Amino acid sequence: MRYETFCGGLYETNCYLLPGPEGAILFDAPDGCCEWLESQKFTPKLLLLTHGHFDHVPEVAAVKRRFGCEIGCHPETVPMIADPDFFRSMGFQLEVEPVEPDFTIMATPRREFLGLEMEVLEVPGHCPGSLCFLSDEHSLLIGGDVLFAGGVGRWDLPGGDGELLFRGIREKLYQLDDAVTVLPGHGPTTTIGVERQTNPFVR
């Protein structure tokens, strides 16, 4: 499957644009993604969030306003994008333009997004309500900040839990086929097979 990638913001956060039979799907909305979409003349019809950390959601409201696309996220992500004081209440001097999602997403073996069939895996530990989206047909996993090339998402932020994260990777992601390509929230792509064999955090 052909997909587009943009890396933006202070934390070099990745977002991905995938084609669906009924329109393009954007995964996450870091700083700069709205300008990138406009410059490339991409028009997302749907925005799905892997999780609600501030580096993945700063332009959610802008993308919705500019392109009129619907927003889907896990229920635990809702306050992170809808409450402008959410991050300040946790001690971060940050503010995200508030926006309400159009629908929520839970773990499910099968769900269609604009005609693209995906399995939704819930893998918390880095962030409550953290989701991974698997296209089995295309051997592609949009993984958010769960599993990286040679690393995993940090677990020292509020709501983080290292053991929960490691267990989720072993029991959910490492059960996938070796050939599945992982599109992470930061850094280069990798595969399940490579990480299962070499990742120093979860073996």
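The values are calculated or read from the model by the stated rules, or taken from the named source; none is laboratory data. Source: prediction; values computed, not measured. Positions of Cβ are backbone-derived with ideal geometry, glycine not excepted, and every protein chain shown enters the neighbour counts. Protein only, heavy atoms only, side chains kept; ligands, DNA and RNA dropped before computing areas. Shrake-Rupley method; radii C 1.70, N 1.55, O 1.52, S 1.80 Å.
So the values come out like this:
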{"read-out": "Neighbourhood charge, 12 Å Cβ-Cβ cut-off, centred on Pro184 and excluding it, Lys, Arg +1 and Asp, Glu -1", "value": "-4"}
{"read-out": "Cα centre as origin, Lys/Arg/Asp/Glu Cβ charges: the chain dipole, Debye", "value": "300 debye"}
{"read-out": "Using a Förster distance of 35 Å, the FRET efficiency for Thr43-Gln175 (Cβ separation, nearest 0.05)", "value": "0.50"}
{"read-out": "Highest-fluctuation residue, Pro98, Pro158, Pro30 considered, GNM on the chain with Cα pairs under 10 Å", "value": "Pro158"}
{"read-out": "Aspartates and glutamates with Cα under 20 Å of Lys41, excluding same-chain neighbours fewer than 8 positions away", "value": "Glu4, Glu22, Asp28, Asp31, Glu59, Glu70"}
{"read-out": "Bridge type composition, the chain - antiparallel percent by DSSP, nearest 5", "value": "65 percent"}
{"read-out": "Percent RCO, i.e. relative contact order, over segment 151-203, from Cα pairs under 8 Å lying at least 6 residues apart", "value": "32 percent"}
{"read-out": "Estimated [θ] at 222 nm from DSSP helical runs (n ≥ 4, -39500 (n - 2.57)) normalised by residues in the chain, nearest 500", "value": "-4000 deg cm²/dmol"}
{"read-out": "Average Cα contact separation per residue, segment 1-113, under 8 Å, 6 or more apart, as relative contact order %", "value": "20 percent"}
{"read-out": "Pairwise FRET efficiency - Ser139 versus Glu22, Cβ, R0 = 35 Å, nearest 0.05", "value": "0.95"}
{"read-out": "Of Leu114, Leu47, Leu134, the one that fluctuates the most in a GNM where the chain has Cα springs shorter than 10 Å", "value": "Leu114"}
{"read-out": "Whole-number accessible area per residue in Å² for the chain, which is evaluated in the context of all protein chains at 1.4 Å", "value": "44 Å²"}
{"read-out": "Cα lying deepest toward the dipole's positive end in the chain, options Ala61, Gly125, Leu176, charges on Cβ", "value": "Leu176"}
{"read-out": "Rough spin-label spacing in nm, given labels placed 7 Å along Cα→Cβ, for Glu117 and Leu157", "value": "3.3 nm"}
